[in-house]
Every structure is written in C-alpha cells, then in structure tokens.
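K.L.:
Following this message is one structure expressed as structure tokens.
The values are calculated or read from the model by the stated rules, or taken from the named source; none is laboratory data. Not measured: the values here are computed from a predicted model. Glycine gets a Cβ as well: all are built from the backbone with ideal geometry, and neighbour counts include every protein chain shown. Areas reflect the complete protein model, heavy atoms only, side chains present, ligands, DNA and RNA absent. Shrake-Rupley method; radii C 1.70, N 1.55, O 1.52, S 1.80 Å.
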Amino acid sequence: MSGVVIHVPQGYGEVAGEPSGDAVTLRLGPGEVARFGRGSATTPVELRLDDEAISRLAGEIRVTDDHWQLSNLSTTQSYLVENPEGAGEYLRVPPRRAGAPIPFEFSRVVLPTRRNTTVAFQVFAPDHVYLDPDGMGGQWGSRTVTAYSLDETALYFLILVALCEPRLRDESPVAVPTTPQIVERLKGHPACARLTARAVSSHIDYLADEKMRISAPAESGPRREARRNGKREAIVGLVLRFGLVREEHLALLPPRTGGAAQERGTAG
Amino acid sequence: MHRPADTSGSDRTELLPPGYRVSRWEVTESIGAGGWATVHAGRLVEGDADEQEAVALKVLPTAGLAPRQARKVAETARREVEFGRRSSHPRLIRLLDTVVLSEPDHPFLDGAIVLVMERAERSLRDLLDAGVSEAEGARLVTEICEGLAHLHRSGWVHGDLKPDNILLMADGSVKLSDFGLVTELTGTHGTHGYAPPMGTFDYLPPERWKAPLGEQGVEVRPSADIWALGITIHELFASGASPFPGATPMARGAATQEYADGRAPLRLDGAVPPFWRALTADCLAPTHAARAEHTAESLLARIAERPPTETDAPAPSGRPGVRRLGRRRAAFVTLAVCAVGATIWPHVEGGTASGATAAEPPGRIRVFNADQGCRGRTDKDPQCSLGLAIDPMRPYTVDNVVPTRVWHGDELAVDCWLAAGMQIIDEADTHSAEWYRVRLPRDSGRPTAWLPAVRTKDRPAVPDCPAPTPAR
C-alpha cells in the first residue's frame with residue numbers, strides 16, 4: 001500500500017502557499033490527509049485551488065486502506081467525482097458529507113465555479129488489489145498473490161497488451177511498439193476512439209512509476225527519448241516474465257486490419 | 001484461433017479421486033487447495049519398507065493454462081525441486097520425488113506436476129484459533145527459528161513464511177514448507193536475492209509495498225522472513241490476531257505502512273506475554289536496517305536464555321482477551337501514594353521560596369526521557385512528549401496534566417523540590433516520589449507545573465517546595 005497520487009493540472013496549481021502556475025503532484029501515504037480549497041493565511045491548505053467560488057477550506061482527501069475518502073467541507077456545493085474511464089460513471093458528494101469512500105482507481109474531482117466552468121483535479125489510487133486469475137479457491141486473505149496487480153478492464157491494460165503484442169505473437173523479439181503505433185493499433189477499439197499520443201505516454205508512465213515501480217536508470221536531456229524506450233522495454237519484459245499479460249489477453253485488442261500487420265504476421 | 005477457457009471457475013479445483021495412482025503412490029484423500037496447487041494425502045503402494053508410507057501430493061496443474069502461465073507454475077515447481085534437492089534439514093519438509101502426469105484423456109491433469117513430500121498432520125494456522133500456552137508457544141517458535149536459521153545459514157530466504165506454511169508433524173514437531181518462493185541469496189556479499197513479485201499481504205514487510213520491480217523480480221532479504229516471523233509469533237500468542245488493525249489484508253497493509261512511516265505506533269495485543277512481546281517488536285522493526293540485527297540465530301539465542309519464570313509460571317499476562325493500553329511511550333505507571341515523609345534537602349538560600357517565581361530561577365533541569373527511541377529525536381513527535389502535572393499529590397492522569405508538553409533535552413526553570421508527591425515509576429523501572437516545580441512559558445495559562453524527578457537526571461540544589469495546595 002503506497003498511497004494515492006494527486007495531480008492538479010496547470011492553471012490552478014498553487015500548493016502549500018507557494019504560488020506557481022505549474023502542475024502540482026502530491027503523494028499521500030496511508031492515513032495521510034490533504035486539504036484543498038482557496039486557502040488563506042489562517043486556513044492553510046495543501047492543494048490550493050484558486051477560484052473565488054471555492055471555499056477557503058473546500059474539502060479533504062484521506063487515504064484509507066487501498067482507496068481514499070473525500071470530505072466535502074462546503075456547506076452549499078456538491079462535488080462530483082468522475083471515473084474518466086467509466087463511460088460516465090460518477091459519484092456526487094453532497095455538501096458536508098464526511099469521508100465518502102471513492103472506489104475508482106482513477107478519479108477526477110470536479111468543483112463548480114460561478115462562471116459556468118469547473119475546477120478539477122485528479123486522484124490516482126494505484127494500490128487497488130486484484131486477485132490472481134489462476135487462484136485455486138480457499139480463503140483469499142491468506143493466499144499467496146501477485147503483489148503487482150493490474151485492472152484488466154482499464155485503458156492502461158489495453159495499452160500494455162498492445163505494447164506486448166509483437167512479443168506475444170512472437171513476431172519481433174526486440175521491437176516494442178512506439179506511441180504512434182499504439183494509437184494506431186487501438187484506434188478500432190470503442191474506448192480508444194479519442195486516444196491521444198499524450199494519453200498513451202502518461203498511461204505508460206503511470207504503469208512504470210506507480211503500478212510496477214520499475215527501477216529505470218534516471219537520465220535527462222537528449223537521452224530522454226531513449227530512456228522512454230528503455231522504460232517501455234522494461235515494462236514489456238517484466239509483465240511477460242511474471243505473467244501479468246498473457247496470450248489470452250490478445251483477445252482484448254481490436255482485430256488487426258491493414259496490409260502491414262498482415263504481412264508481418266505471415267512473414268513472422 | 002485457440003482461446004483458453006476462463007480459468008476462474010471451479011474446474012481447476014477439481015481434485016484427484018481417491019485411489020488415483022501417481023507413480024509409486026496412491027491418493028487417499030484431498031487435503032486442500034492453496035494459491036496455485038491442490039494438495040492430496042497419499043500413501044506408498046510400491047516401495048521399500050524403510051520408505052515413508054504417508055505422503056502429501058502437491059499437484060500443480062499446467063493444462064488449460066496459457067504457455068506463459070504454465071511457465072509460472074513450472075517456475076514454482078522448479079524452485080521447490082531445486083531447493084528440495086539441495087537442502088535437507090529436520091525442520092524443513094522433505095521433497096521425496098517429482099512426477100509429471102501424462103493423462104491425454106484428462107486434459108486438466110495432463111502435464112500436471114506432482115511434488116511428493118513428507119506428510120504433516122496439520123498447519124500452524126489450524127492451531128491459531130485455539131491459542132497456545134506460553135510453554136507450547138515457546139517450543140513452536142524455537143523450532144520455526146531453527147528452520148529459518150538453517151535456511152538463512154544456507155543462503156536462502158523462504159519468501160512466504162506464514163502459519164499456513166509452517167506444518168506440524170504427527171509428533172508435534174515443526175517443519176517449514178512451501179518453497180515455491182524460496183530465493184537464493186546472491187550478490188557479492190550474499191545479502192539479497194530476487195523473487196517473483198508474489199507474497200501474502202499480511203506477511204509482507206513494509207518495504208515490500210514500495211519495492212521496485214526489477215528485471216529479476218523484487219529484492220528479498222532474510223529480514224523479510226524475520227518480519228513474517230514477527231507477525232506469526234504475534235498471531236500464535238494472540239489467537240490469530242494480526243498486530244496491525246484492519247478488516248482486510250489491504251487495510252492491514254495500509255496500517256503496516258503507517259507504522260513504518262512513523263505515523264502510528266506498534267500496538268501489540270496484550271495477550272502476548274512480555275518476553276514474546278519484546279521479541280515480536282524487534283522482528284517488526286520498521287526498516288530493513290533496524291530488523292537486520294535480529295537474525296534467526298540471535299532470536300534463537302535469546303529464546304534459549306530467556307528467564308525461566310516466564311515459561312514455568314502460567315503467566316497471568318498470557319490470558320487471552322486481556323488487552324492493555326498500547327501507549328508505551330510517555331505513559332507513567334502510578335503505583336500508590338507514598339507515605340508522607342520528612343523532607344530533608346540541602347537548602348541553598350533559605351528564604352527565596354516565597355519569591356521564587358519571579359526573576360532568576362534557583363535552578364535549571366534538563367528533561368530526560370527513559371524511552372531510548374525518543375532521546376535521539378528532535379522533531380518533537382507527540383509520541384515522545386512528556387506531561388507536566390497540575391497537582392503532584394494526585395494521580396498522574398490525563399485530567400491532571402497541563403496542556404504544555406515537554407520533550408527530552410528541554411531545559412526548564414525550577415523553583416523548588418517536593419520530596420513526597422505521588423510515586424512515579426518510569427519505563428526503566430526507576431521509582432521516585434520526588435517532583436520539581438517548574439515554570440511554564442508566559443502564555444501557558446498557569447505560571448508553574450510539576451515534573452516528576454524520574455524525568456530528569458539533574459539534581460539541582462533548590463529549595464523545598466511549600467506543601468502544594470490541592471488544585472481542586
């Protein structure tokens with residue numbers, strides 16, 4: 001249980017009294033709390049959301065077990081917690097609700113403003129546990145399980161399967177698909193119609209950093225792209241080695257179309 | 001295109017029927033299903049008289065699995081077999097043979113790997129609900145430690161120690177089993193090895209929750225087994241209760257993390273007898289570094305040298321259900337009001353007592369915290385704070401302390417000394433009925449409060465206090 005990650009996108013970003021327009025990322029361990037709101041000298045908040053319609057102390061996020069709880073400290077406003085991957089799945093957290101448990105791995109917390117716009121930030125809960133598919137019954141609590149568990153219905157898993165596809169089909173022992181190739185490969189999937197290259201990259205980063213905690217050598221500057229590739233290769237190597245992605249998962253991908261893939265398929 | 005069937009159904013838990021023949025053994029009954037295998041009881045039907053008759057047959061099916069899943073099962077079996085071939089010790093379950101089933105007509109069984117092992121009577125898990133006496137618990141822990149010490153000495157980490165994998169033979173002796181995650185220590189100094197990213201949540205050390213996944217798996221060190229041992233000892237003496245609160249393994253995992261990050265203290269169950277409580281706390285040291293000094297060997301030595309009274313006596317603290325407040329730090333034990341005695345103390349300046357709260361104090365003392373863990377800290381952790389009494393003649397309880405807290409190393413201005421207040425015993429068992437009246441900061445609401453003399457090593461020459469007026 002490593003906790004949750006809160007990400008306030010660029011624009012609202014002001015954290016712990018330090019003004020900056022940059023995006024803010026905050027990590028909370030189990031039991032830790034972060035307050036959010038407009039903040040002031042007397043009501044300090046860890047996540048500052050700079051909008052006049054938002055209370056000075058608008059709410060609180062508390063990490064509990066493998067999930068988190070949202071307290072709505074506003075007396076008038078309801079907040080929404082959306083599951084960006086849930087096809088419209090959301091929760092409404094009414095005013096003064098204390099400690100509403102949030103079941104999503106990915107959440108977007110939306111606060112209303114006066115200008116027909118909203119202020120939103122994201123909360124990721126990478127600790128959600130999934131039982132192994134090859135479990136043999138018995139009490140699951142004392143069972144030996146894979147300690148790195150993935151949601152096989154999540155978008156990141158689809159991207160992971162796409163990353164692993166060439167190796168699973170024994171087409172190419174070396175090449176791992178590039179981001180544009182993944183966007184292209186998943187285009188036909190109903191959940192990926194509007195998938196951008198940027199989203200693919202951030203899903204891969206999430207997998208590497210939060211889910212698998214891959215130890216990759218840190219490099220910067222011109223080597224950055226190479227490091228990205230190294231990360232992809234590391235992910236693919238690990239998930240195949242430890243059986244987190246298997247042949248049966250190829251069925252999740254949309255059917256392959258286009259001459260290039262076919263040719264490669266027959267040639268390989 | 002061939003797609004494997006959904007393997008989550010009950011078909012995979014299908015058991016070998018009684019009478020089924022596996023090489024020289026025959027299945028007698030099913031024992032149970034674990035995470036990746038089913039276990040059956042078997043008996044020898046063809047062999048020498050000196051061979052063990054009763055065996056356990058652990059079946060790892062590979063059919064119906066995708067090739068890579070099958071590889072995972074094979075890897076598990078390979079670890080067990082390789083380990084079994086190279087290790088033999090009275091405290092480890094012995095692997096007698098391995099058989100690969102060939103059953104073309106039974107796709108589920110075809111290709112399954114069967115490990116033929118010594119048969120145990122039951123597991124330690126079966127013993128937990130009933131609880132054990134301290135003497136019996138001591139024997140069990142000793143034997144578990146013997147097994148672990150042998151493993152670690154031979155350069156292996158068990159990797160999945162838990163009551164389910166600690167087996168009890170018909171004669172009651174302990175043997176460790178389930179070597180599917182056993183890891184050989186590598187590296188230049190043999191300090192760590194790499195294991196598949198698997199484990200049992202309740203027994204994973206806190207560092208594992210944040211461990212990075214490398215090419216070879218996750219780093220595993222013997223201290224991981226020591227942590228699991230600590231959880232197991234606690235469960236043994238506390239009727240199966242984990243030392244970490246929570247209804248689910250995830251909740252307990254989160255509590256483990258809070259403890260390791262220093263946000264929550266370790267609260268061991270009051271049913272764990274004192275000697276074992278201390279031992280458990282050491283096994284559950286929050287970091288690898290702090291745990292590393294406690295090895296299976298050193299624990300064995302400690303158990304061997306423990307005071308005999310604790311095993312002989314029925315140990316009142318061993319009663320299950322008696323919970324003690326877990327506030328180890330900053331907790332005083334108040335015994336009784338001491339008899340009022342004559343005050344004999346060297347007066348330095350006889351007449352200053354009346355005007356003592358003003359101007360320069362007659363003396364200064366430095367606060368001393370008997371809890372060693374608190375002495376090195378400077379972060380003013382509330383866990384390490386000490387209280388000051390309002391009335392030194394009344395029991396030292398929550399409603400008799402001022403809001404102002406003090407920490408180890410704080411310097412306080414002292415007005416005077418009281419010889420016979422409430423008797424105080426500190427964590428190091430130092431008794432004293434002496435108190436110092438100390439001055440509080442200007443905005444504390446009260447001008448003075450009382451510090452028990454056990455809370456300082458200084459003995460300043462200050463005047464006697466006038467008999468304190470009851471605070472209420």
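K.L.:
Looking only at residues that are within 9 Å of another protein chain (Cβ to nearest Cβ) and more than 16 Å from A:GLY29 (Cα to Cα) in region B:248-289, which one is most open to solvent (accessible area, probe 1.4 Å)?
P.N.:
B:THR248
K.L.:
Do we have B:PRO245 as open to solvent by 60 Å² or more (accessible area, probe 1.4 Å) and modelled with pLDDT under 90 here?
P.N.:
No; evaluated as a whole, the condition is false for this residue.
K.L.:
In addition: Tell me, please, whether a residue that is surrounded by fewer than 16 Cβ atoms within 10 Å (Cβ to Cβ) and in contact with a His (Cβ under 6 Å, 6 or more places away or on another chain) can be found in region B:368-384.
P.N.:
Yes, there is a match, as at least one residue in region B:368-384 is surrounded by fewer than 16 Cβ atoms within 10 Å (Cβ to Cβ) and in contact with a His (Cβ under 6 Å, 6 or more places away or on another chain).
K.L.:
Out of region B:400-430, which residues are aliphatic (A, V, I, L, M), closer than 12 Å to B:LEU451 by Cα and assigned to a strand (DSSP E or B)?
P.N.:
Correct list: B:VAL401, B:VAL406, B:LEU412, B:ALA413, B:VAL414, B:LEU418, B:MET422, B:ILE424.
K.L.:
I'd like the full set of residues that are under 22 Å from B:VAL55 (Cβ atoms), more than 14 Å from chain A (Cβ to nearest Cβ) and surrounded by 23 or more Cβ atoms within 10 Å (Cβ to Cβ), limited to region B:154-173.
P.N.:
If the condition is that a residue be under 22 Å from B:VAL55 (Cβ atoms), more than 14 Å from chain A (Cβ to nearest Cβ) and surrounded by 23 or more Cβ atoms within 10 Å (Cβ to Cβ), then B:LEU167 is the only one that fits.
K.L.:
Can you tell me which of B:ASP371, B:ASP399, B:ASP410 is acidic (Asp, Glu) and at pLDDT 80 or above?
P.N.:
When all the criteria are applied, what remains is B:ASP410.
K.L.:
Right, next: Output the number of residues of region A:235-248 satisfying the condition of being more than 7 Å from chain B (Cβ to nearest Cβ), part of a helix (DSSP H, G or I) and either crowded, with 20+ Cβ neighbours inside 10 Å or acidic (Asp, Glu) (or both).
P.N.:
So the answer is 3.
K.L.:
Considering only residues that are under 15 Å from the mean Cα position of the chain (by Cα) and more than 20 Å from B:LYS72 (Cβ to Cβ), look in region A:152-190 and name the one that is farthest from the other protein chains (Cβ to nearest Cβ).
P.N.:
Ranking the qualifying residues of region A:152-190, first place goes to A:LEU155.
K.L.:
Further question: Which of the residues that make up region A:38-83 are assigned to a strand (DSSP E or B) and open to solvent by 10 Å² or more (accessible area, probe 1.4 Å)?
P.N.:
A:ARG48, A:GLU60, A:ARG62, A:THR64, A:HIS67, A:GLN69, A:SER71, A:LEU80, A:GLU82
K.L.:
Would you mind telling me which numbered condition in (1) within 14 Å of another protein chain (Cβ to nearest Cβ); (2) polar (S, T, N, Q); (3) open to solvent by 70 Å² or more (accessible area, probe 1.4 Å) B:SER123 fails?
P.N.:
If we test B:SER123 against (1) within 14 Å of another protein chain (Cβ to nearest Cβ); (2) polar (S, T, N, Q); (3) open to solvent by 70 Å² or more (accessible area, probe 1.4 Å), just (3) comes out false.
K.L.:
Shifting gears a bit: Is it the case that region B:132-153 has a residue that's under 27 Å from A:ASP132 (Cβ atoms) and open to solvent by 20 Å² or more (accessible area, probe 1.4 Å)?
P.N.:
no
K.L.:
Please name all residue pairs, on different chains or six or more residues apart, with Cβ atoms under 7 Å, provided the first residue is in region B:368-379 and is in contact (Cβ under 8 Å) with a residue 12 or more places away in the chain and the second residue is open to solvent by 90 Å² or more (accessible area, probe 1.4 Å).
P.N.:
B:PHE368/B:LYS457
K.L.:
Further, regarding this structure: I'd like to check something: does region B:224-241 contain any residue that is under 19 Å from B:LEU266 (Cβ atoms), part of a loop (DSSP other than H, G, I, E, B) and facing another protein chain (nearest Cβ under 10 Å)?
P.N.:
Taking every residue of region B:224-241 in turn, none turns out to be under 19 Å from B:LEU266 (Cβ atoms), part of a loop (DSSP other than H, G, I, E, B) and facing another protein chain (nearest Cβ under 10 Å).
K.L.:
What number goes with the only condition from (1) more than 14 Å from chain A (Cβ to nearest Cβ); (2) open to solvent by 10 Å² or more (accessible area, probe 1.4 Å) that B:MET198 does not pass?
P.N.:
(1)
K.L.:
Anything in region B:403-418 that is over 16 Å from B:PRO362 (Cβ atoms) and surrounded by 17 or more Cβ atoms within 10 Å (Cβ to Cβ)? List them, or say none.
P.N.:
Those that are over 16 Å from B:PRO362 (Cβ atoms) and surrounded by 17 or more Cβ atoms within 10 Å (Cβ to Cβ): B:VAL406, B:TRP407, B:HIS408, B:ASP410.
K.L.:
Going by the conditions given, is A:ILE102 touching a residue at least 40 places away in the same chain (Cβ under 8 Å) and away from chain B (no Cβ under 11 Å)?
P.N.:
Against the criterion (touching a residue at least 40 places away in the same chain (Cβ under 8 Å) and away from chain B (no Cβ under 11 Å)), A:ILE102 does not qualify.
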